[in-house]
1. Once both labels are modelled 7 Å past Cα along the beta-carbon direction, what's the Arg272-Leu215 spacing in nm?
2. Multiply the residue gap between Asp202 and Asn230 by 0.36 nm, knock off their C-alpha separation, and tell me the result in nm, one decimal place.
3. Report the calculated FRET efficiency for Arg97 and Val341 (r = Cβ-Cβ distance, R0 = 25 Å), to the nearest 0.05.
4. Let's test the formula: R0 of 41 Å, r as the Cβ-Cβ distance of Leu3 and Glu265. What FRET efficiency results, to the nearest 0.05?
5. What does the extension gain come out to for Ala184 and Ala24, with contour length at 0.36 nm per residue minus their alpha carbon separation?
6. Please report the spacing between the Cα centers of the range 4-57 and the range 171-213 in Å, no decimals.
7. What is the extension gain from Ile331 to Ser83, computed as 0.36 nm multiplied by their sequence separation minus the C-alpha to C-alpha distance, in nm to one decimal?
8. What are the ³J(HN,Hα) couplings of the range 226-239, residue after residue, when phi is run through the Karplus curve with 6.51, -1.76, 1.60 and θ = phi - 60°? Round to Hz, x for glycine and proline.
Amino acid sequence: MILHLYFARRFAAVFMMITIALFALVVLIDGVDQARKFGSLDIGWKNIMGLTLLNTPQTINLILPLIVILATVALFISFARSSEMVVTRAAGRSAMRALIAPVVVAFIIGVMAVGVLNPIVAATGKRYLQLSESYRAGGASALSISDEGLWLRQGSALGQTVIRAWRSNDDASVLYDVTFLSYAPDGGPTRRIEAASAALTDVGWLLRDAKSWPLQAGTNAEGNAQYYENLTIPSTLTLERIRESIGKPAAVSIYDLPEFILQLEQAGFSPRRHKVWLQTELARPFFLIAMVLVASAFTMRHTRFGGTGVAVLASVLLGFGLYFIRSFAQILGENGQIPVVLAAWAPPTAAILLALGLLLHAEDG
């Protein structure tokens, strides 16, 4: 048990050091990128740094498997150079037993990534989108799906418009039973419109069978209401932005994802992408275990045998290959070409079996 705790402590320490180093590197690179994107808008370095810090957790979450691979490689190379692994093997510990502690730590890291880092990434990513849209357009645009239907908000310097629809088509290009509520820049309501349908086109929202009520103070809303067979309302939204807001499962916390999937189905959207993401997140701890096993399969040997650089390169390349296969399977699952469970759980299962095969082959000589 003492040896397992020692291995676990060493692995956790190496993981933290690599995470801190990559976090600083990501902040530096992303800060330059944010300055390039928003430099012409003159929003100030303080806001640029805020956007950078909001966007960094998403990048760290994305490269977490790479961090685990590098931590495993650094750990076992350190053991090999100090002959600690030789002493461990001489004491009767097999390679498989020596991996128990790193595997357990990787599993704990995966659980924390799903239970803690995922909600943080969802919150910071949503806030990043809101601020970036506000800086670009001078007004925020947002989307929300609830039991009361689909809610949109579009904004500009002329004011805000809140849009609510009971349902939509699959790609959100047409909304049904829709209500538009416009607000002046000072926050007061100016107009309410109800329509049977609203289609988003290049010129704005095209409403059919619409009724408009003015909401200015001192105005008889019903007496001045007007009917329109067709009515066009300017919009700062685009189909791409709406689909991006709906289609980014990472913007929803894993704790809220099951309810959000149900609301997507009720609103008429396809929730397959979110279902694949949910299962992929649940399988993440096992994928990190696979990364530990893959990296250790190439580095659990003494440095006197040579070829350490080749072994490190092979482990990193194999890790990238498995990550690519995982992403490819996720895309196939989102497109409906393979079942959701297969898309999420097959890559980590296959990676663990592959790594175990390599370890058993090395162990048997």
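Taken together, the values in this text are just the output of simple stated rules run on the coordinates, not laboratory data. Since the model is a prediction, treat every value here as computed from it, not as a measurement. A quick note on method: Cβ atoms are made from the backbone with ideal geometry, for glycine too, and the neighbour counts reach across all protein chains shown.
1. Label at Arg272, label at Leu215, 3.9 nm between them.
2. Numbers: separation 28, 0.36 × 28 = 10.08 nm, distance 1.55 nm.
Extra length from Asp202 to Asn230 when fully extended: 8.5 nm.
3. Values: r = 32 Å, r/R0 = 1.26.
Efficiency for this residue pair is about 0.20.
4. Working: r = 51 Å, r/R0 = 1.24.
FRET efficiency, Leu3 to Glu265: 0.20.
5. Working: separation 160, 0.36 × 160 = 57.60 nm, distance 4.27 nm.
Here the answer is 53.3 nm.
6. One Cα centre to the other: 41 Å.
7. On the way: separation 248, 0.36 × 248 = 89.28 nm, distance 4.36 nm.
Taking 0.36 nm per residue and subtracting the Cα distance, the gain is 84.9 nm.
8. 10, 9, 9, 6, 9, 9, 10, 10, x, 9, 8, 8, 10, 4
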